[in-house]
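Peer 1: Sharing a structure here in structure tokens format.
The values are calculated or read from the model by the stated rules, or taken from the named source; none is laboratory data. Everything quoted here is computed from the prediction, not taken from an experiment. Here Cβ is always computed from backbone atoms with ideal geometry, including for glycine, and neighbour counts include all displayed protein chains.
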Amino acid sequence: MRKPFIAGNWKMHKTINEATDYGELFVQKLKDEQVDFSKVDVALFVPYIHMSALKVIFLLRGIDVGAQNMFYEEKGAFTGEISPTMLSDLGIERVIIGHSERRKYFGETSAACAKKLNAAYTHDIKPVLCVGEDLKDREAGRHKDAVRTMLLESFEGIHAEEAEFAAVAYEPLWAIGTGKTATPEQAEEMTALIRSVLAEKYGSAVADNIIIQYGGSVNEENIAELMAKEDIDGALVGGASLDAAKFAKIVAFDDSVRKDSLKQVSVKNILKK
Ligand code: PEP
């Protein structure tokens, strides 16, 4: 069974004081919400400068600290970049790769994502690969092809035993930071497509183990409905993760909905046989 994975992406937000205040409050809020860490993996993807301080605050508290990006080279004349070696030296075990804002504002291609995935695996850093169509592709009915292409290009050269440790975040661009969430049905259609593309490439045993998140205006109101869907194993949360109390509520989503849905899935599978 796939363990739900709820992650926050702070993007370019918070000063060091704001980050440490948040860290302490978040630990408290998760306690208040009685979050059971055996049932959910939690991570915060923060700016590089906050990683050390937050790692100390979250030590033994069940919250991972991750990077929002990294370069694929080990070292060299790449001004302004951070290498996988530097991240693992800091004890960072997760990284977001190919976020739509990296692709849009910094020209990151799926070919570069493939190199980054490869570098992440070399350093035992678990990647969250982001894929998602823009509004033009969605309106033209090309969203499935667009996501399929991004996925296959980004996983180019990645082996099955590595792919199993990836998470994929389906993030339709038209839903990021817009307040417009994909409906749970739209999100499920695309996360199921992602799983089937991964199954074609790696086989269903591997694809069944890959965590697929939904991202795009997730909040404490819509999380349970999204998590009830069969192929949605978690969420990548931008705006709503900036508020410790709100994000703790998202992490503490009502997982009874998910269990019910898993039961329905097995009933559906039994009926199919
Ligand atoms: C994101 O940054 O990955 C994201 C999904 O942002 P938001 O939740 O604000 O839409």
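Peer 1: Would you check which residues across segment 121-146 are more than 16 Å from the ligand (Cβ to nearest atom) and among the small types (Gly, Ala, Ser) and list them?
Peer 2: Once the filter is applied, which keeps residues that are more than 16 Å from the ligand (Cβ to nearest atom) and among the small types (Gly, Ala, Ser), segment 121-146 yields Ala140, Gly141, Ala146.
Peer 1: Restricting the search to segment 32-43, which residues are assigned to a strand (DSSP E or B) and touching a helix residue (DSSP H, G or I) at 6+ places or on another chain (Cβ under 8 Å)?
Peer 2: Of everything in segment 32-43, just one residue is assigned to a strand (DSSP E or B) and touching a helix residue (DSSP H, G or I) at 6+ places or on another chain (Cβ under 8 Å), namely Val42.
Peer 1: With the condition kept exactly as written, say whether any residue in segment 147-154 is within 16 Å of the ligand (Cβ to nearest atom), among the hydrophobic types (A, V, I, L, M, F, W, C) and under 16 Å from Arg2 (Cβ atoms).
Peer 2: Within segment 147-154, not a single residue is within 16 Å of the ligand (Cβ to nearest atom), among the hydrophobic types (A, V, I, L, M, F, W, C) and under 16 Å from Arg2 (Cβ atoms).
Peer 1: Follow-up. Out of Lys14, Lys29, I need the residue that is of a type in the set (D, E, K, R), touching a residue at least 24 places away in the same chain (Cβ under 8 Å), touching a helix residue (DSSP H, G or I) at 6+ places or on another chain (Cβ under 9 Å) and assigned to a loop (DSSP other than H, G, I, E, B). Which one?
Peer 2: From the options Lys14, Lys29, the qualifying one is Lys14.
Residue-by-condition table, conditions (1) assigned to a helix (DSSP H, G or I); (2) of a type outside the set (Val, Ile, Thr); (3) within 18 Å of Lys11 (Cα to Cα); (4) modelled with pLDDT under 50:
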residue: Leu236; (1), (2), (3), (4): no, yes, yes, no
residue: Asp254; (1), (2), (3), (4): no, yes, no, no
residue: Arg258; (1), (2), (3), (4): yes, yes, no, no
residue: Leu262; (1), (2), (3), (4): yes, yes, no, yes
residue: Val265; (1), (2), (3), (4): yes, no, no, yes
residue: Leu271; (1), (2), (3), (4): yes, yes, no, yes
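Peer 1: Test each condition in (1) within 23 Å of Gly215 (Cα to Cα); (2) not small (Gly, Ala, Ser); (3) not in a helix (DSSP H, G or I) for Leu60 and report the one that comes out false.
Peer 2: Of (1) within 23 Å of Gly215 (Cα to Cα); (2) not small (Gly, Ala, Ser); (3) not in a helix (DSSP H, G or I), only one is false for Leu60: (1).
Peer 1: Consider only pairs whose beta carbons are under 6 Å apart and that are at least six residues apart or on different chains; among these, list those whose first residue lies in segment 158-181 and is touching a residue at least 60 places away in the same chain (Cβ under 8 Å) and outside any loop (DSSP other than H, G, I, E, B) and whose second residue is small (Gly, Ala, Ser) and within 12 Å of the ligand (Cβ to nearest atom).
Peer 2: Ala169/Gly215; Leu173/Ser100; Leu173/Gly132
Peer 1: In segment 99-117, which residues are over 15 Å from the mean Cα position of the chain (by Cα), part of a helix (DSSP H, G or I), more than 14 Å from the ligand (Cβ to nearest atom) and of a type outside the set (Phe, Trp, Tyr)?
Peer 2: Ser110, Ala111, Ala112, Ala114, Lys115, Lys116
Peer 1: Could you list, in sequence order, the residues of segment 198-234 that are surrounded by 20 or more Cβ atoms within 10 Å (Cβ to Cβ), part of a helix (DSSP H, G or I) and touching a Leu at 6+ places or on another chain (Cβ under 8 Å)?
Peer 2: Across segment 198-234, the qualifying residues are Leu198, Ala207.
Peer 1: Being of a type outside the set (S, T, N, Q), in contact (Cβ under 8 Å) with a residue 12 or more places away in the chain, crowded, with 18+ Cβ neighbours inside 10 Å and within 9 Å of the ligand (Cβ to nearest atom) is the requirement here; does Gly238 meet it?
Peer 2: yes
Peer 1: Looking at segment 166-191, which of the residues that are surrounded by fewer than 16 Cβ atoms within 10 Å (Cβ to Cβ) and not polar (S, T, N, Q) is nearest to the ligand (Cβ to nearest atom)?
Peer 2: The extreme case among them is Gly177.
Peer 1: Working only within segment 135-165, note down all residues that are over 21 Å from Tyr202 (Cβ atoms), touching a Phe, Trp or Tyr at 6+ places or on another chain (Cβ under 8 Å) and buried (at least 17 other Cβ atoms within 10 Å of the Cβ).
Peer 2: Arg138
Peer 1: Tell me which residues, restricted to segment 99-127, are among the aliphatic types (A, V, I, L, M) and surrounded by fewer than 22 Cβ atoms within 10 Å (Cβ to Cβ).
Peer 2: Selection gives Ala111, Ala112, Ala114.
Peer 1: When you go through Ile96, Ile63 one by one, which is the residue that is crowded, with 20+ Cβ neighbours inside 10 Å, closer than 16 Å to Lys14 by Cβ and within 19 Å of the chain's Cα centre (by Cα)?
Peer 2: Ile63
Peer 1: Give just the number: which of (1) surrounded by fewer than 16 Cβ atoms within 10 Å (Cβ to Cβ); (2) among the polar types (S, T, N, Q); (3) within 28 Å of Val257 (Cα to Cα) does Asn9 not satisfy?
Peer 2: Checking Asn9 against (1) surrounded by fewer than 16 Cβ atoms within 10 Å (Cβ to Cβ); (2) among the polar types (S, T, N, Q); (3) within 28 Å of Val257 (Cα to Cα), the one that fails is (1).
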